[in-house]
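Chemist: This is the structure, below, for whatever I ask next.
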Amino acid sequence: MIAGAATIGIGLAAGIADGALKLDHPAFAQPIQLSGVQSQLPSFADMVDKVKPAVVSVRVKTRLVAENGGGEGGIEGLPPGHPLERFFRRFEEEERGMRPGRPQPRQGMSQGSGFFVSQDGYVVTNNHVVQNADEVQLVTNDGKTLNAKVIGTDPRTDLALLKVSDGGNYPFVQLSQAKPRIGDWVLAVGNPFGLGGTVTAGIVSAQGRDIGSGPYDDYLQIDAAVNRGNSGGPTFNQNGEVVGVNTAIFSPSGGNVGIAFAIPASTVNQVVEALKKDGKVARGYIGVQIQPVTDEVADAIGLKQAQGALVASAERNSPAAKAGIRRGDTILALNGEKISDARELSRRVALLPPGSKARITVWRDGQERELSFEVGRLPS
């Protein structure tokens, strides 16, 4: 089973930096020469030479447990539950020294991609690539196999941090500090279909995509070819910096159709730093159920424009309830910064350190009110 990317809708298929891969010169894409006339088509060859050593294939062994009498078929083609099938299964269990009737452990295999983010061997990949991992191995660009362990995972953003078991001096890449622009060239590097290191080029098609995978969706959409096995691999800008981690594709067939999604580098940076420190991510929590503010709602409550997040309810004894936030309030700002919609509020609150103090601006009875609260910790 090749882990590539999760599946969305019809067939959506689908893993900080302490420094950067040391480059003598920026790895800008270079124009190429065709028939004596300079073409505007870029060549990524120089950049690939610099960044590819930092990208690895991730091989994962997972331990699965078969249900009693389960499986996709019976023994020797007999249907599950058939008297003879039960007899032969019991015989096999006794031959293996197992107690009859107990679930039998089986081993599964999956593959994905990842990349080094530090010289001492930290590797970023997707959570769904290493989920339920029993053993993790990394295969480098030069064919070397390294054992690794899972330091921590964050299912809410589908990120995981690995660490090579043996010490060494590993090539690594840096996460971009700048947000890419729509239309920028990008290069995806990974292990599609388990074939090994592969590069594909495209552009950033959109930003801030919500694909319904969770409350913190904020994906980059790219049109570079990304397939099963690319999950956890990096997408680079023309400076050789990682702008995103490939995690999913939208596809009616399970193959690339030019719509892929990557976790932005800003999110990766925050999550990886937390996983390095604690092995998990602690998120802020306020305790409200919220919904979008439509034009009709804005007109009804006297807002000039549809913005913010409408409070449907405040959980009992939550930070919001203690602060006096109640049903019908519209949250307009957090710590003085405007909130555009409910999704932005969820992301912004999640970034607040639990235990810190914060201010929230609400619209109530035709006027703004400012309330203070202590940020809670989001339950795991």
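The values are calculated or read from the model by the stated rules, or taken from the named source; none is laboratory data. Predicted, not measured: the structure shown is a model, and the values here were computed from it. As a convention, Cβ positions derive from the backbone with ideal geometry for all residues, glycine included, and neighbour counts pool all protein chains shown. With ligands, DNA and RNA removed, areas are computed over all heavy atoms of the protein, side chains included. Shrake-Rupley method; radii C 1.70, N 1.55, O 1.52, S 1.80 Å.
Chemist: Counting Lys and Arg as +1 and Asp and Glu as -1, each charge on the Cβ, what is the dipole of segment 147-191 about the Cα centre in debye, to the nearest 20?
Modeler: Details: 5 positive and 4 negative charges, 21 e Å.
Its charge dipole is roughly 100 debye.
Chemist: Keeping all protein chains in the complex and leaving out DNA, RNA and ligands, what accessible area do you get for Thr140 with a 1.4 Å probe, in Å² to the nearest 10?
Modeler: Thr140 has an accessible surface of roughly 20 Å² with all protein chains in place.
Chemist: Continuing with this model, one more query. Can you compute the FRET efficiency between Gln119 and Arg316 using 1/(1 + (r/R0)^6), with r the Cβ-Cβ distance and R0 = 51 Å? Round to the nearest 0.05.
Modeler: 0.55
Chemist: Between Glu296 and Arg348, what FRET efficiency comes out of the Förster formula 1/(1 + (r/R0)^6) with R0 = 25 Å and r the beta carbon distance, rounded to 0.05?
Modeler: Details: r = 25 Å, r/R0 = 1.00.
That gives a FRET efficiency of 0.50.
Chemist: Now a separate question. Which order do Ser176, Ser340 take when ranked by solvent-accessible area (1.4 Å probe, heavy atoms of all protein chains), largest first?
Modeler: Descending order: Ser340, Ser176.
Chemist: At a 1.4 Å probe radius, which order do Met109, Met47 fall into by accessible area, largest first?
Modeler: Accessible-area ranking of Met109, Met47, largest first: Met109, Met47.
Chemist: Residues of segment 151-171 with the amide nitrogen closer than 17 Å to a label point 7 Å from the Cα of Lys277, along Cα-to-Cβ, please.
Modeler: From segment 151-171, the list is 152-154, 161.
Chemist: Along each of its three principal axes, how wide is the spread of alpha-carbon positions in segment 168-311, in whole angstrom units, largest first?
Modeler: If we take the Cα atoms of segment 168-311, the spans are 58, 38, 28 Å.
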